[in-house]
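Take a look at the structure set out below.
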Amino acid sequence: MHISDFAYVVETNKNFDEAVVAVLKAVDQKGWALFQVYDVKERLAAKGFQQKPLKIIEICSGKYANAFLNKNRMVSLCMPCKINVFEENGIIKIAGMKPSMISQFFPEITPAEAAAAEKELKEIVDAAK
């Protein structure tokens, strides 16, 4: 398995903070809900560890979440969707886990249903790029 099998990753010319703001705006414009933003660098610094910038942005589409949960409540283990903004080798990247993976674990969710959610997540990532 390769990272591209479960993650959609793009590079951006924006700085870290601009990329985070761009993701938040894209989530809002797409009509998805923002649940939480975790500042991993800050949380680890509080424990005495050093990390490069990394924010985990939890988002959700009510439409897809409701449909998937109605088919199998265990899908909640894959929720909410996450988009991460991080620095790697001096390059700012935006990455989202591909919802298409859900249909591989939960056969009740058709590949077409998971692909529809993934399409929107990719649109959010691309808009933030």
(request) Could you list all residues from region 1-43 that are at pLDDT below 95 and loosely packed, with under 12 Cβ neighbours inside 10 Å? (result) M1, H2, I3, S4, D5
(request) Hey, could you check region 22-58 for residues that are assigned to a loop (DSSP other than H, G, I, E, B) and among the aromatic types (F, W, Y) and say which is farthest from E120 (Cα to Cα)? (result) F49
(request) For region 44-64, name all the residues that are loosely packed, with under 13 Cβ neighbours inside 10 Å and not hydrophobic (A, V, I, L, M, F, W, C). (result) K47, G48, Q50, K52, G62
(request) Filter region 65-108 down to residues that are in a helix (DSSP H, G or I), surrounded by 15 or more Cβ atoms within 10 Å (Cβ to Cβ) and modelled with pLDDT under 95, then give me how many there are. (result) 6
(request) Would you point out the residue of region 46-56, among those that are of a type in the set (A, V, I, L, M, F, W, C) and closer than 20 Å to N89 by Cα, that is farthest from the chain's Cα centre (by Cα)? (result) F49
(request) Return only the number of the condition from (1) free of Cβ contacts under 8 Å to residues at least 24 places away in the same chain; (2) basic (K, R); (3) under 12 Å from K82 (Cα atoms) that K55 does not satisfy. (result) (1)
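The values are calculated or read from the model by the stated rules, or taken from the named source; none is laboratory data. Small disclaimer: the values here were computed from a predicted structure and weren't measured. Cβ atoms come from the backbone with ideal geometry, glycine included; neighbour counts cover every protein chain shown.
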